Amino acid sequence: MIKRIDHVAIAVNNIDDAVASFEKLFGIKPAKIEDVPDQGVKAALIHIGDTELEFIQPIKPDTGVAKFLENKGEGIHHICIEVDDTDEELKRIEGEGGKLIDKEGRKGLAGKIGFIHPKSVNGVLIELAQKV
């Protein structure tokens, strides 16, 4: 079951600059900054109410985020939706004809995650996340 928007991810070239700009303009510091090696990114989470902004910077040149920045430049990369059960939602979406990037959930910064291909959702990359 869909619960809420968990976060909106913004791809950036330099996470330190992005976080500093956001802190200067809005006075909010990140709650967490860490490398996510299996996704090839460094991520910073900034809490805003009951949701978050996630800045993601590639730490490897051959990642999806690096390719996104190369092709589109900095900007919104994906929207993450919190769900009760990532695996169940991925199966349900595939059963409805949705194209998946992940056939089953995997560990991510937001919990157990899985991505839906942008071709299934009007060009928007959607991440599903189950808090674990």
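Answer yes or no as to whether Glu127 is surrounded by 18 or more Cβ atoms within 10 Å (Cβ to Cβ) and either touching a residue at least 12 places away in the same chain (Cβ under 8 Å) or not in a helix (DSSP H, G or I) (or both). Quick ask: steps written out before the conclusion?
Values: surrounded by 18 or more Cβ atoms within 10 Å (Cβ to Cβ): yes; either touching a residue at least 12 places away in the same chain (Cβ under 8 Å) or not in a helix (DSSP H, G or I) (or both): yes.
For Glu127, the condition - surrounded by 18 or more Cβ atoms within 10 Å (Cβ to Cβ) and either touching a residue at least 12 places away in the same chain (Cβ under 8 Å) or not in a helix (DSSP H, G or I) (or both) - is met.
Anything in the range 47-83 that is in a strand (DSSP E or B) and more than 13 Å from the chain's Cα centre (by Cα)? List them, or say none. Within the range 47-83, His47, Ile48, Val83 qualify. Within the range 7-22, residues that are within 19 Å of Ile113 (Cβ to Cβ) and in contact (Cβ under 8 Å) with a residue 24 or more places away in the chain have Cβ atoms under 9 Å from residues that are part of a helix (DSSP H, G or I) and among the aromatic types (Phe, Trp, Tyr) in these pairs: Ala11/Phe68, counting only partners at least 6 apart in sequence or on another chain. Among the conditions (1) surrounded by 15 or more Cβ atoms within 10 Å (Cβ to Cβ); (2) not in a strand (DSSP E or B), the only one that Arg92 does not satisfy is (1).
Being open to solvent by less than 70 Å² (accessible area, probe 1.4 Å), without any contact (Cβ under 8 Å) to a residue 60 or more places away in the chain and either among the small types (Gly, Ala, Ser) or farther than 24 Å from Lys67 by Cβ (or both) is the filter here; which residues of the range 24-45 pass it? Steps first, please.
The initial filter retains those residues of the range 24-45 that are open to solvent by less than 70 Å² (accessible area, probe 1.4 Å), namely 27-28, 30-31, 36, 39-45.
Adding the requirement that they be without any contact (Cβ under 8 Å) to a residue 60 or more places away in the chain leaves 27-28, 30-31, 40-42, 44.
Gly27, Ile28, Pro30, Ala31, Gly40, Ala44, listed by residue number.
Among the criteria (1) closer than 20 Å to Lys119 by Cα; (2) polar (S, T, N, Q); (3) modelled with pLDDT under 95, the one Thr86 does not fulfil is (3). Among residues that are open to solvent by 70 Å² or more (accessible area, probe 1.4 Å) and of a type in the set (Val, Ile, Thr), Ile76 is included.
When Lys67 is tested against (1) farther than 21 Å from Lys3 by Cα; (2) touching a residue at least 40 places away in the same chain (Cβ under 8 Å), only condition (2) is not met. In the range 12-34, is there at least one residue being in contact with a Gly (Cβ under 8 Å, 6 or more places away or on another chain) and hydroxyl-bearing (Ser, Thr, Tyr)? No: the range 12-34 contains no residue that is in contact with a Gly (Cβ under 8 Å, 6 or more places away or on another chain) and hydroxyl-bearing (Ser, Thr, Tyr). Checked against (1) farther than 15 Å from Ile76 by Cβ; (2) part of a loop (DSSP other than H, G, I, E, B), Asn13 passes all but condition (1).
The values are calculated or read from the model by the stated rules, or taken from the named source; none is laboratory data. Please read all numbers here as calculations on a predicted model, not as lab measurements. With ideal geometry, Cβ positions are generated from the backbone for all residues, glycine too; neighbour counts draw on all protein chains shown. What goes into the accessible areas is simple: the full protein's heavy atoms, side chains included, and nothing from ligands, DNA or RNA. Shrake-Rupley method; radii C 1.70, N 1.55, O 1.52, S 1.80 Å.
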